[in-house]
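Coordinate-derived values only; no laboratory data. Since we're looking at a predicted model, the values are computed, not measured. Ideal geometry is used to build each Cβ from the backbone, glycine not excepted, and the neighbour counts take in all protein chains shown.
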Amino acid sequence: MRKVITYGTYDLLHYGHIRLLERAKALGDYLIVGVTADDFDKTRGKINVRQSLEERIFAVMETGLADKIIIEEYEGQKIDDIKRYNIDIFTVGSDWEGVFDYLEEYCKVVYLPRTQGISSTKIRSAESTLRMGLVGYSAFLNKFYRESKYVNSVDVVGLCSTDLQKMEYLKDNLEFATDDYDELLEQVDSVYLHSHPAKHFDECRRALLRGKHVLCESPVAMSKEACDNLLNLAKANGCILMEAIRTAYITAYSRMLLLLKSGRIGNIVSVDATCTSLSNFNSIDYRKRWGSLESWGPTALLPVFQVLGMEYVSKHIFTVRDEFIPEYDLFTKIDFTYPQASASIKVGTGVKSEGELVISGTQGYVYVPAPWWKTDYFELRYENPANNKRYFYQVDGEGIRYELVALANAVRNGKSDYYISSEITREIANIMHDFSEERDQNR
């Protein structure tokens, strides 16, 4: 019996996929189809995949062409599979010609002609694409725009900024630029807000009232009541309101949370997160400055609330204020007490510390080195170092492209709280309110 193996993502399975599988099947007597896992696709730069692994496997199974379906999960697996299943022929589409010649050491390699004029990419591109407008004044918007080019379901077309004279790169590359927010809203169906947190509520509200989807830097509002107002408005108008904490959308961080839920370090008793960055305040208009808690608080609070929940018994806030502009905090530390655990966050724009994340349990702990918010590597550590395990996942674009894909999927599916729950969004806003009111606080 001649065994044949092939691999693919098989997203939005179409006639071209089926023809390729038919040709592969004709090469032998038994066809094994490897369907690439979501995480492995991300490491190869394929972030626009629409369907889940389960949906893609089912679609291949429904063709009736595969005698066996396996999941491709890691680099180098093809060699392992060829040896494991005693494969005679490895085959793949001709657009990969030459790439897999190294497998000829193990079996025959055949490159099959692809069906012309059809592809998953073209199908995705033909579907509705979100026209997005950028709002803000930071040079970060340049990076956001460049990263958006990797996401074929989002098209950044416009800019609204109070500093248009400083945004030459975007003005040269976008369809239009304006300092009138209403003008922007007229020409887009979604916005990304990177303005000052004090403006988020009004900008979110105005966009949602006009039926626009919103991706907003956290915090989306400065009180739980204001946040509820926005979430209810989004639901009433059939819009997506999504919080842009990029860490939440990074594969390594998501996998770490799953491992914690599986009990790999026992009962969790402590979460400690630190985020700091020294800012050149002299170059920033004080009216546009973000305080330390505004800048870093949502990111640092994310693992606390996702791991321990929001039912803490008490919290204590310590802050160091700017000597000349007291409303800005140079450093803030918040300690939380839970019934069976504790947590601490340290954030600073005027103080520097090691930006690490440590999650402690009764059997071991998780260590994520600085900068943990760009998680591409973490360790499970135990009393016996021989049991330690390291995990590596590639991160592209600091998570920007991943959150854009998540936004596009949320718009299609009508569900926005898969990565960050609405309860966490509310509680982050609540912390901001308590801080501004100087509750549970000393300095």
* **Virtual spin-label span in nm between THR63 and ASP95, 7 Å along Cα→Cβ** => 1.4 nm
* Asked: Can you list the lysines whose alpha carbon is less than 19 Å from that of LYS68, not counting same-chain residues fewer than 8 positions off?
  -> LYS3, LYS25, LYS78, LYS83
* To do: Output the pairs from LYS288/LYS352; LYS149/LYS389; LYS143/LYS235; LYS171/LYS212; LYS288/LYS374; LYS261/LYS288 with a Cα-Cα distance over 32 Å in this structure; if there are none, say none.
  => LYS149/LYS389; LYS261/LYS288
* Structure fact -> Between ALA198 and PHE176, Cβ-based FRET efficiency (R0 41 Å, step 0.05) works out to 0.95
* Asked: In terms of Cα to Cα distance under 18 Å, which lysines are near enough to LYS315, apart from those fewer than 8 places away along the same chain?
  -> LYS224, LYS333, LYS346
* Structure fact -> Rounded to 0.05, the calculated FRET efficiency for the beta carbons of GLU54 and PHE318 at R₀ = 56 Å is 0.75
* To do: Taking the dipole about the Cα centre of the range 325-443, with the C-beta of Lys and Arg at +1 and of Asp and Glu at -1, give me whichever of TYR338, TYR419, PHE378 is farthest to the positive side.
  => PHE378
* **Summed residue charge, Cβ within 14 Å of GLY266's Cβ, Lys/Arg positive, Asp/Glu negative** => +2
* **Percent RCO, i.e. relative contact order, over the range 251-394, from Cα pairs under 8 Å lying at least 6 residues apart** => 31 percent
* Structure fact -> If each K or R counts +1 and each D or E counts -1, the residues other than LEU185 whose Cβ falls under 14 Å of its Cβ total -3
* **Share, in percent, of DSSP beta bridges within the chain that are antiparallel, nearest 5** => 40 percent
* Structure fact -> So the FRET efficiency between LYS108 and SER279, C-beta based with R0 = 56 Å and rounded to 0.05, is 0.40
